[in-house]
1. Quickly run through region 131-187 and pick out the residues that are of a type in the set (Ser, Thr, Tyr) and on the phi > 0 side of the Ramachandran plot.
2. Tally up the residues in region 107-131 that are open to solvent by 20 Å² or more (accessible area, probe 1.4 Å) and either within 20 Å of the chain's Cα centre (by Cα) or farther than 21 Å from Ile181 by Cα (or both), please.
3. Which pairs have Cβ atoms under 6 Å, sit 6 or more apart or on different chains, and link a residue in region 152-169 that is within 12 Å of Leu195 (Cβ to Cβ) to one that is assigned to a loop (DSSP other than H, G, I, E, B)?
4. Looking only at region 81-89, decide whether some residue is without any contact (Cβ under 8 Å) to a residue 24 or more places away in the chain and assigned to a loop (DSSP other than H, G, I, E, B).
5. Looking at region 198-243 only, could you name the residues that are touching an Asp or Glu at 6+ places or on another chain (Cβ under 7 Å) and within 18 Å of Ile122 (Cβ to Cβ)?
6. Looking only at region 41-80, how many residues end up being free of Cβ contacts under 8 Å to residues at least 40 places away in the same chain and either closer than 18 Å to Gly254 by Cα or polar (S, T, N, Q) (or both)?
7. Which of the residues that make up region 37-83 are under 27 Å from the mean Cα position of the chain (by Cα), closer than 21 Å to Lys276 by Cβ, open to solvent by 60 Å² or more (accessible area, probe 1.4 Å) and not polar (S, T, N, Q)?
8. Pick from Lys111, Lys135, Lys150, Lys124: which is farther than 30 Å from Asn221 by Cβ and modelled with pLDDT of 95 or more?
Amino acid sequence: MKINTLFCLIFNFIFSLSFSQNLEKKVEQRHFISLKYYKLKYKEPLTKEDSLNFQYRNNDTLVLIKNYLEPKGVRVPYEFKDSTFLHYYKKVAFNHKNNLYSTKTSMKYWKKDIRIFFSKSIKKSTKKDFIPFVKNISDQVDSLNIFIVKKAKDANYFIYNDGDYEYEENLKNNKNTNYYIYWKQNKIYKGAIKLYPDDISLEDKMKDYFIQSLGFFKLSNEFDCNSYFSNCASEKKTLTNLDLEIIKYHYSYGICKGTNLETFENQHKKAKELLKETGHKLNFLHVD
């Protein structure tokens, strides 16, 4: 029996392959890495002895890693999705310009809990539907925790009205957007929504902006008009099954986090090839 494990190192996005063989009840485990990634990761030149241990799979040369110590992390089975779902997901998750795919665009996600603070001027009626809305998302999406906090110093997400204290300077005099998120190395660390109380669809827009801020998601005209990922102007949007499935998938550890589109597609191609070839589930090893 062979078990293939795809390692996803969160910080450098280099993956390796691991093979475990069970011969006459004796288990021998050896770890390999693609020659391409070996040259990027290791400075030591390969020797003739190294070449004797090369493995060849799917037109790829694999190099044996000697004395390999597996990083501490969490293994999660690869989450298979069909091509239709991935088409919709990639449309919103990689923030493409002019609906053209750019292989260098990267997904953005919240690594830590989202802690929302409302300014005092936000009316209870405005928060009435919004708070259950975000709590529902938090309850249903793994690794995404959303809380409401009472003090600004405890928050990393601010919702306030125009004319209040300017909690986010990047929204000051900004006529292009009403929400802002700050990220570093594709991890989102803070966010804000600035509201204009005279807007008749205030509650709906809060939800619109919040959904977009969960991953710098781009709206698309390929979604039904009632979807939060649709760029259709509607006051009847609901969190559709597809909307929720996209958010769940974005925060699933069955995929690599924070990758660009090129890496995302290459890893899924490799994962599906190995799954088809061996029939065994792949695992992503997530390392902080």
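1. So in region 131-187, the residues of a type in the set (Ser, Thr, Tyr) come out as 138, 143, 157, 160, 165, 167, 177, 179-180, 182.
Of everything in region 131-187, just one residue is of a type in the set (Ser, Thr, Tyr) and on the phi > 0 side of the Ramachandran plot, namely Ser143.
2. 12
3. That search, which allows pairs on different chains as well, returns Phe158/Tyr167; Tyr160/Ser119; Tyr160/Tyr167; Asn161/Ser121; Asn161/Pro197; Asp162/Tyr196; Asp164/Ser119; Asp164/Ser121.
4. yes
5. Ser201, Glu203, Asp204, Lys205, listed by residue number.
6. 7
7. Matches in region 37-83: Arg75, Pro77, Phe80, Asp82.
8. When all the criteria are applied, what remains is Lys150.
The values are calculated or read from the model by the stated rules, or taken from the named source; none is laboratory data. The shown structure was predicted, so the numbers you read here are calculated from the model rather than taken from an experiment. FYI the Cβ positions are ideal-geometry reconstructions off the backbone, even for glycines, and counts take in every protein chain you see. These accessible areas exclude ligands, DNA and RNA; they are computed on the full protein's heavy atoms, side chains included. Shrake-Rupley method; radii C 1.70, N 1.55, O 1.52, S 1.80 Å.
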